[in-house]
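This report concerns only the one structure given below.
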Amino acid sequence: MEENKEEKSLNFIEEIVDNDLKSGKYASIITRFPPEPNGYLHIGHAKSICLNFGLTQKFGGKTNLRFDDTNPETEETDYVNAIKEDIKWLGFTWDEELYASDYFETLYGYAVDLIKKGLAYVDDSNSEEIAALKGTPTTPGQDSPYRNRGIAQNLALFEDMKAGKFETGERVLRAKIDMSHINMLMRDPIIYRIKHAHHHRTGDKWCIYPMYDFAHGQSDSIEKITHSICTLEFVPHRELYDWFIEKLEIFPSKQYEFARGNLSYAITSKRNLLKLVREGIVTGWDDPRMPTISGFRRKGYTPSSIRTFWEKAGIAKRDNLIDIGLLEFCIREELNKTAIRRMVVVDPIKLVITNFPEGQTESLLAENNPEDEHAGQRILSFSRELWIERDDFMEEPPKKYFRLGPGLMVRLKHAFIVECERFEKDELGNITTVFCRYFPESKSGHDTSGIKVKGTIHWLDSATAKEAEVRLYDRLFTVENPGMEEGDILEYIHSGSLKVVEHAKIEPALLEAKPSDRFQFLRLGYFCLDRDSTSEKLVFNKTVGLKDSWAKMNQS
RNA sequence: UGACCGAUGGUGUAAUGGUAGCACAACAGUUUUUGGUACUGUUUGUCUAGGUUCGAAUCCUAGUCGGUUAACCA
């Protein structure tokens with residue numbers, strides 16, 4: 001009977017792996033996650049991480065972390081550390097921590113091999129000259145005047161390059177393939193360039209550095225990666241990838257490509273992400289509005305919600321723009337089950353219970369999480385003066401407004417039913433105080449009043465309420481696909497993406513919040529403690545709002 | 001313009017020549033001391049035109065549309 005649980009179909013890469021294992025092509029697989037340490041990991045990287053590590057979790061094998069650090073000018077150790085932290089936080093453990101720069105010596109040897117085979121040459125042309133002879137997709141390129149140098153001279157020149165006898169950019173090493181090849185990448189691609197730059201790991205040992213195409217596939221091969229998974233823009237590189245492996249006669253790693261995952265209302269281009277940081281649009285790489293892994297972490301997302309999200313989004317080869325609503329669904333679904341409920345009033349107005357004696361306090365029991373009976377209870381204090389949310393009162397309520405207004409009744413969550421008698425405004429016309437009478441026999445759990453109300457609102461006892469800062473986040477962009485928009489990305493920044501509430505009223509119990517805690521602020525959304533919190537002042541970040549069908553009803 | 005990759009409801013993703021399914025979203029309803037949750041139901045789809053076949057989302061041909069590709073970046 002329990003046999004009929006449906007087997008989820010494999011994605012196309014899992015299918016390839018499955019076939020390779022079943023056919024005996026490999027006894028076990030090795031994958032790798034190969035970030036370049038020149039920026040922080042974002043939600044798109046998480047897809048690749050989940051795929052690569054997920055594959056070996058599912059089929060067995062190893063997954064390496066390999067930093068693709070072949071460009072000393074942009075790469076930094078700080079990024080290496082941040083990347084490692086993010087991967088660990090996501091819940092994955094790599095088998096080996098490796099660096100393309102570990103292979104510089106080997107790679108140099110491979111280049112020498114190529115030269116000896118007559119398959120590489122040193123070119124004295126500069127960047128413009130090389131571009132000029134490259135041709136176009138429809139016209140063939142032309143041979144460089146240095147293309148037919150002898151092997152011995154190439155060997156000597158390449159050694160001189162390595163020895164630092166030339167300036168940055170003065171010479172390059174090129175593979176000798178075919179200047180009229182239909183694939184532009186095969187038109188004698190540059191494989192080594194001179195950069196007199198300090199490398200974050202090898203220091204000043206090298207002044208020549210391999211290009212991506214002469215480092216990535218070879219690194220895969222050295223590590224005996226069986227399935228080298230990358231995104232679609234590398235499809236044309238595969239031909240070169242295979243060519244080097246064939247000519248070098250090294251382990252035949254295979255490259256497979258999948259479509260990068262794009263999230264609506266977000267960008268995942270490192271260039272633009274860096275711009276947001278540099279221009280001060282956000283406070284840093286881990287600003288909760290950033291689509292970085294560290295941003296989502298600080299915003300209160302859990303690792304499992306991100307993993308679930310990519311599981312649901314799937315893997316394919318077509319371009320996509322995934323609704324951010326799916327990610328929000330994933331985190332709500334998890335937090336609904338696990339988050340402790342607390343009451344917080346973000347925009348307070350006073351509510352006075354006219355028939356409740358002054359100076360008296362009543363204690364009420366409130367469940368911590370209706371979805372989790374083991375979450376326990378807490379005690380709430382109730383007295384004559386309370387705080388309620390400004391949104392929960394209207395002077396002239398429309399139909400179907402199930403909250404407070406002249407003559408209307410609501411239940412105060414975990415407490416009593418109250419009926420509005422009158423209200424006061426200040427000289428600007430803002431509501432300041434609402435006066436209600438309460439029904440003592442309507443106490444939560446002991447309600448004998450027989451009164452039925454449609455609405456329940458949250459509240460706080462003004463005598464015991466504390467204060468905290470609450471940061472309300474909204475999407476960072478005004479358009480669904482900012483990356484595809486014309487012009488500067490900064491034109492599409494949502495000015496209301498952060499609203500800071502300096503003095504929100506909070507339950508005293510919230511004072512004990514720890515950094516790892518996540519809460520549902522009743523009727524508002526999910527929140528977590530921000531690292532900016534101090535002992536004097538707590539700061540809470542909004543992770544995501546609750547679904548709000550009232551707001552939706554009113555937006556049309 | 002060339003080459004390559006792709007095209008299934010609003011979005012994402014299955015169906016591997018044999019009943020187009022799942023999730024999110026949307027909509028309607030039930031329950032509810034969170035306008036939350038849970039539950040039930042509904043709407044919406046194979047890019048176009050030919051062909052192969054008893055049978056095509058799937059195979060073939062052509063077209064259309066979208067993406068990638070002409071860095072001493074990865």
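The values are calculated or read from the model by the stated rules, or taken from the named source; none is laboratory data. A quick note: this is a predicted structure, and the numbers were derived from the prediction, not measured. Note: ideal-geometry Cβ built from the backbone for every residue, glycine included; neighbour counts use all protein chains shown. Quick note on the areas: whole protein, heavy atoms, side chains included, nothing else; ligands and nucleic acids left out. Shrake-Rupley method; radii C 1.70, N 1.55, O 1.52, S 1.80 Å.
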If you go through segment A:329-354, how many residues are more than 20 Å from A:SER304 (Cβ to Cβ), open to solvent by 10 Å² or more (accessible area, probe 1.4 Å) and not in a strand (DSSP E or B)? 3
Given the criteria under 30 Å from the mean Cα position of the chain (by Cα) and near RNA strand B (Cβ under 9 Å from one of its atoms), does A:ASP213 qualify? yes
Residues of segment A:389-408 being open to solvent by less than 70 Å² (accessible area, probe 1.4 Å) and under 24 Å from A:GLU507 (Cβ atoms), in sequence order, are A:GLU389, A:ASP392, A:PHE393, A:ARG403, A:LEU404
How many of the residues making up segment A:143-169 are among the β-branched types (Val, Ile, Thr), within 20 Å of A:TYR209 (Cα to Cα) and more than 13 Å from RNA strand B (Cβ to nearest atom)? 0
Return the total of residues in segment A:462-511 being within 20 Å of A:LEU335 (Cβ to Cβ) and open to solvent by 50 Å² or more (accessible area, probe 1.4 Å). 2
Within segment A:143-157, which residues are open to solvent by 50 Å² or more (accessible area, probe 1.4 Å) and part of a loop (DSSP other than H, G, I, E, B)? A:ASP143, A:PRO145, A:TYR146, A:ASN148
When segment A:314-328 is examined, which residues are found to be near RNA strand B (Cβ under 6 Å from one of its atoms) and open to solvent by 40 Å² or more (accessible area, probe 1.4 Å)? A:LYS317, A:ARG318, A:ASP319, A:ASN320, A:LEU321, A:ASP323, A:LEU326
Pick from segment A:420-439 the residues that are loosely packed, with under 14 Cβ neighbours inside 10 Å and not in a strand (DSSP E or B): which of them is nearest to RNA strand B (Cβ to nearest atom)? A:ASN430
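One line per residue, one yes/no per condition, for (1) among the hydroxyl-bearing types (Ser, Thr, Tyr); (2) part of a strand (DSSP E or B); (3) open to solvent by less than 30 Å² (accessible area, probe 1.4 Å):
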| residue | (1), (2), (3) |
| --- | --- |
| A:SER228 | yes, yes, yes |
| A:GLU233 | no, no, no |
| A:GLU246 | no, no, no |
| A:ARG260 | no, no, no |
| A:ILE267 | no, no, yes |
| A:LEU274 | no, no, no |
Mind checking which pairs have a first residue in segment A:476-489 that is in a strand (DSSP E or B) and a second that is open to solvent by 30 Å² or more (accessible area, probe 1.4 Å), Cβ under 7 Å, 6 or more apart or different chains? A:PHE477/A:TYR265; A:PHE477/A:TYR492; A:PHE477/A:ILE493; A:PHE477/A:HIS494
Taking the condition of being more than 12 Å from RNA strand B (Cβ to nearest atom) and either hydroxyl-bearing (Ser, Thr, Tyr) or not in a loop (DSSP other than H, G, I, E, B) (or both), how many residues in segment A:170-193 meet it? 1
Those residues that are surrounded by fewer than 19 Cβ atoms within 10 Å (Cβ to Cβ) and in contact with a strand residue (DSSP E or B) (Cβ under 6 Å, 6 or more places away or on another chain), I need them from segment A:282-313; list them, please. A:ALA313
Where residues in segment A:118-142 are surrounded by 13 or more Cβ atoms within 10 Å (Cβ to Cβ) and of a type in the set (D, E, K, R), which of them is nearest to RNA strand B (Cβ to nearest atom)? A:LYS134
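Residue-wise test of (1) in a strand (DSSP E or B); (2) without any contact (Cβ under 8 Å) to a residue 24 or more places away in the chain; (3) within 10 Å of RNA strand B (Cβ to nearest atom).
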| position | (1), (2), (3) |
| --- | --- |
| A:GLU395 | no, no, no |
| A:LYS399 | no, yes, yes |
| A:PRO406 | no, yes, no |
| A:LEU460 | yes, no, no |
Pairs only if they're at least six apart or on different chains, beta carbon under 8 angstrom, first in segment A:41-59 and in contact (Cβ under 8 Å) with a residue 60 or more places away in the chain and under 16 Å from A:GLU15 (Cβ atoms), second open to solvent by 20 Å² or more (accessible area, probe 1.4 Å) and in a helix (DSSP H, G or I); list them, first residue then second. A:LEU55/A:GLU14
For segment A:147-167, which residues satisfy the criterion of being closer than 15 Å to A:ARG193 by Cβ, touching a strand residue (DSSP E or B) at 6+ places or on another chain (Cβ under 6 Å) and not aliphatic (A, V, I, L, M)? A:PHE158, A:LYS162, A:PHE166
Somewhere in segment A:217-224, is a residue in a loop (DSSP other than H, G, I, E, B) and either of a type outside the set (D, E, K, R) or more than 9 Å from RNA strand B (Cβ to nearest atom) (or both)? yes
Conditions (1) surrounded by fewer than 19 Cβ atoms within 10 Å (Cβ to Cβ); (2) in a helix (DSSP H, G or I); (3) touching a Gly at 6+ places or on another chain (Cβ under 9 Å); number of the one not met by A:ASN369: (2)
Among the residues of segment A:442-453, is any under 26 Å from A:ALA366 (Cα atoms), among the hydrophobic types (A, V, I, L, M, F, W, C) and more than 8 Å from RNA strand B (Cβ to nearest atom)? yes
Among (1) free of Cβ contacts under 8 Å to residues at least 40 places away in the same chain; (2) open to solvent by less than 10 Å² (accessible area, probe 1.4 Å); (3) assigned to a loop (DSSP other than H, G, I, E, B) - the single one A:HIS196 does not satisfy: (2)
Answer from A:GLY39, A:GLY44, A:GLY91, A:GLY60 - the residue that is surrounded by fewer than 23 Cβ atoms within 10 Å (Cβ to Cβ), in contact with a Gly (Cβ under 8 Å, 6 or more places away or on another chain) and not aliphatic (A, V, I, L, M): A:GLY44
Among (1) touching a residue at least 60 places away in the same chain (Cβ under 8 Å); (2) in contact with a Leu (Cβ under 8 Å, 6 or more places away or on another chain); (3) more than 10 Å from RNA strand B (Cβ to nearest atom); (4) under 19 Å from A:CYS50 (Cα atoms), which single condition is A:SER305 missing? (1)
